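To keep things clear, I will list the structure first and then write my remarks on it.
None of the figures in this text is laboratory data; all of them are computed from the coordinates on show. Keep in mind that this is a model prediction, so the values were computed, not measured. So basically every Cβ, Gly included, is an ideal-geometry build from the backbone, and we count neighbours across all protein chains shown.
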Amino acid sequence: MRILGISAFYHDSAAALIEDGRIVAAAQEERFTRKRHDFSFPTNAIAFCLSAVDGDLDHVDHVCFFEKPFLKFERLLETYLACAPHGYGSFRVAMPLWIKEKLFQKATLCKALRRFSASRRVPKLLFAEHHQSHAASAFFPSPFKEAVVLTLDGVGEWATASVSIGRGNTLKMEREIQWPHSLGLLYSAFTYYTGFKVNSGEYKMMGLAPYGEPKYAELIINKMIDLKEDGSFWLDPSYFNYVTGLTMTTDKFHEAFGGPPRNPNSGITQRDMDIAASVQKVTEEVVVRIAHELARCYRLPNLCLAGGVALNCVANGRLLREGMFEEIWIQPAAGDAGGCLGAALAAYHLHFHQPRKPNGAMDAMQGAFLGPDFSNEAIATKLTAMGAEFATYGEEELLNRTVSSLVAGDAVGWFQGRMEFGPRALGSRSIIADARNPEMQKTLNLRIKQRESFRPFAPCVLFEDVADYFELEKPSPYMLFVADVKRNRRRAMPVEEAKRRVDRINTLRSEIPAVTHVDYSARVQTVHSETNPRFHALLEAFKNRTGCSVLVNTSFNVRGEPIVCTPEDAFRCFMGTEMETLVIGNNVLRKEDQNPSLQFIHAPYFDLD
């Protein structure tokens, strides 16, 4: 049985295809259109998924959408009616779009899908609930036979947080918190207030938090969120404008923090850092309290997570350290993009009652390498057509030359195998560098990624060696847990610089300074030979040369650009930055060998995030 899952029309549209419960393909639309967080119908992502079945929808049995539009419309109507006459401006903007397009999404979907069918017929269209899709994406690919499943996000139809119990091929919803009380929207409100884009800049605020002190956490808990011991909560709506307004926060919110939201074009102040630290602390407290309650109530050893809040790897790291659950598994595409996969799996296991066979060890995500790949012949043809100069090597020489570039201080574009599904580059569409280089964080931020200087970078490390470098003994293949650098790897900090965290960015903090954040933490990726053998072999080769098995791993893109998908994307990004080396398949490109006329200017093509 083949099922195509679709998420679309809000943000991060995507498609996934499963066959007899096995994940065949999954990709986000943004990777093809080069439009970050693209919310349009995922035409290109669907075409890619269908390429596994001769490109024809006639070879698919069912299609499942990741949420129920009528329930969402019900929530909107009830909200506007309850708040009338307030919110008329938002109502006037939203209703024509809903009545014209979104309310009749079944017809819209069928019309869009017919282009993929030679017979012009569309399989039966199913609809899962939003949080059901998230929960299914977390539990069914997990290695667990049974688990508590926690979903936290902005909002689906009505739910903003939900708890389910997964057993075998069943998934039963147990509890939920409903709109407008939302941990995800609380975090997004502060994202907006600190001058970052909602549904895009939340990870920036998480990275900014360690530079501050949580001075405002008590204010948030005392005034804005009524947090109970079991983790349930209510938000005071007088501080928030997202319910019926066109912004996230109200004047009362601004008064509480002594001023209006930060202008995105202005500098970041210590106050902004302290606000980020405060809402991060509150978010962690909510997540930890919920998890404690779930562990106490259900007494199951395993926890699965999904929803946008599950991408908060700092909170995830704290959950791991608290030890409430023996094992934690998080869907790598935890946001709305992953809803397409959850919808397909929910249809297969819950609607059609098909069996599930977890193995208790490896999950079913195949390392999240579920996107397009390109043969060496195809890569060479595409590079030649673009005018690139390159040399082709066998495996051993390819790794040796890559290691030499890394040791020389190069930033290396690493394009190999199938593209990752989800927001993280995991060694397939990555920029990699020597984590020991004290200048590398600054170099990557300013010369390569073209982004804010405060942003941290993540380490990738051989799974066999992770406990040698980090306070972590569990696998973290999807870069979703933050852990501290081992104390014996740290460097003592001068007393004066230790007083202000913002000064620590230019201080040698550890043996691997390029991936050590100002609070000695790191967002760790463990690399496994079972899922990414070439990347694992590269780390081994680097270790053999240097004695270190840690590299910087950041996404292959510049600020505002989606992660690269094709060889053409990779070459353009390479030629638009000060990256010195590109390794793509078995081909190595050096910047000094390229025709200067092929330089690419990113600014006209990508909006800053």
message = Which one, 260, 506, 244, projects farthest toward the positive side of the charge dipole computed for the chain from Cβ point charges (K/R +1, D/E -1)?
response = 244
message = Order these by the 10 Å Cβ neighbour count, fewest first: 251, 410.
response = 251, 410
ask   = Where does the charge balance sit around residue 255 when Lys and Arg score +1, Asp and Glu -1, over other residues with C-beta under 15 Å from its C-beta?
value = +1
query = Cross-link partners among aspartates and glutamates for residue 252, C-alpha distance below 20 Å, same-chain residues fewer than 8 apart left out?
reply = 218, 226, 236, 272, 274
key: Per-residue Cβ neighbour rank within 10 angstrom, fewest leading, 490, 36, 120   = 120, 490, 36
query = Antiparallel as a % of all DSSP beta bridges within the chain, to the nearest 5?
reply = 70 percent
request  = Could you let me know the centre-to-centre spacing of the range 189-247 and the range 1-68, using Cα atoms, in angstrom?
outcome  = 33 Å
message = Give me the dipole magnitude in Debye, nearest 20, for the range 527-609 about the Cα centre, with unit charges on the beta carbon: positive for Lys and Arg, negative for Asp and Glu.
response = 300 debye
ask   = Convex hull over the alpha-carbon atoms of the chain: what's its volume per residue in Å³?
value = 149 Å³
key: Neighbour-count ranking [beta-carbon atoms within 10 angstrom, fewest first] of 340, 460, 110   = 110, 460, 340
request  = Compute the distance in nm between two label points, each set 7 Å from the Cα along the Cα-to-Cβ direction, one at residue 299 and one at residue 238.
outcome  = 4.4 nm
query = Taking every DSSP beta bridge that has both residues in the range 376-598, what percent is antiparallel when rounded to the nearest 5?
reply = 80 percent
key: Residue list for the range 567-588, given a label point 7 angstrom along the Cα-to-Cβ vector of residue 597 and an amide N cut-off under 11 Å   = none
task = For every helix of n ≥ 4 consecutive DSSP H residues, a contribution of -39,500 (n - 2.57) applies; sum these over the chain, divide by its total residues, and give [θ] at 222 nm rounded to the nearest 500 deg cm²/dmol.
result = -9000 deg cm²/dmol
task = Anything over 23 Å Cα to Cα? Flag those among 228/474; 35/204; 215/474; 204/442; 382/543; 145/281, in the order listed.
result = 228/474; 215/474; 382/543; 145/281
request  = Assign unit charges at the C-beta atoms only (+1 for Lys and Arg, -1 for Asp and Glu), then state the dipole size of the chain relative to its Cα centre in Debye, rounded to the nearest 20.
outcome  = 680 debye
Dipole of the chain, positive end: most advanced residue of 349, 11, 338 [Cβ charges, Cα centre] = 11
query = Taking the Cα centre of the range 376-598 as origin and charging only Cβ (+1 Lys, Arg; -1 Asp, Glu), how large is the dipole, in debye to the nearest 20?
reply = 820 debye
key: Cα-based reach from residue 591 at 17 Å (exclusive), listing aspartates and glutamates while leaving out same-chain residues under 8 positions away   = 389, 410, 568, 569, 578, 580
message = For residue 111, give me every one of the lysines with a C-alpha distance below 19 angstrom, ignoring sequence neighbours fewer than eight places off in its own chain.
response = 68, 100, 102, 124
